[in-house]
Amino acid sequence: QVQLVESGGGLVQPGGSLRLSCAASGMRFSIYAMGWYRQAPGKQRELVATITSSSATNYADSVKGRFTISRDNAKNTVYLQMNSLRPEDTAVYFCNMLIVPTLYWGQGIQVTVSS
């Protein structure tokens, strides 16, 4: 069965960095696009970044130039490198994968940016 497991979250000061990981299992990882989303308290879940099977990337305007999505097909893992973090980046971060017709989500991981 498909499983997505996020790790690497935590508390960081404004201006700091974190790297999130999403380990995937139960599918042929290399052929699927992956995405990172986030949901702040009281807000809707929003797209952060996506990466295709050929490693083409797309970012939300709010994170362009600060966040980098990447993938390691040998490790079945997608990463989100987050630099210059701001308090407004505080949210639960989720990775996802669409294997038609099902959209799979990880359990989410908390990122808190605060001094």
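Dipole check for the chain: with +1 at the C-beta of Lys and Arg, -1 at the C-beta of Asp and Glu, and the Cα centre as origin, the magnitude is about 100 Debye. 3J(HN,Hα) along region 100-115: 3, x, 9, 9, 9, 10, x, 7, x, 9, 7, 10, 10, 10, 7, 8 Hz, from the Karplus curve 6.51 cos²θ - 1.76 cosθ + 1.60 with θ = phi - 60°, whole Hz, x for Gly and Pro.
Pull out the extension gain between TRP105 and ARG86, defined as 0.36 nm times the separation in residues minus the alpha carbon to alpha carbon distance; nm, one decimal.
On the way: separation 19, 0.36 × 19 = 6.84 nm, distance 2.47 nm.
Here the answer is 4.4 nm.
Loop-located trypsin sites (Lys or Arg not before Pro) across region 17-79 with a Cβ neighbour count of 16 or fewer within 10 Å are ARG28, LYS43, ARG45, LYS64, ARG66, LYS75, with loop assigned by DSSP. For region 1-68, the C-alpha radius of gyration sits at 1.23 times the compact-globule guess of 2.2 N^0.38 Å, with N the residue count. If the label point is 7 Å along Cα→Cβ of VAL2, which residues in region 86-113 have backbone nitrogen under 11 Å from it? Of the residues in region 86-113, 96-106 have backbone N under 11 Å from the label point off VAL2. A 1.4 Å probe, protein heavy atoms only, puts the accessible area of LEU98 near 100 Å².
With R₀ fixed at 22 Å, the C-beta to C-beta distance from MET27 to LEU47 puts the FRET efficiency at about 0.55.
The values are calculated or read from the model by the stated rules, or taken from the named source; none is laboratory data. Because the structure is a prediction, the values reported are computed rather than measured. Quick reminder, even Gly has a Cβ in these numbers, built from the backbone with ideal geometry, and neighbours come from all protein chains shown. Accessible surface areas use protein heavy atoms only, side chains included; no ligands, DNA or RNA. Shrake-Rupley method; radii C 1.70, N 1.55, O 1.52, S 1.80 Å.
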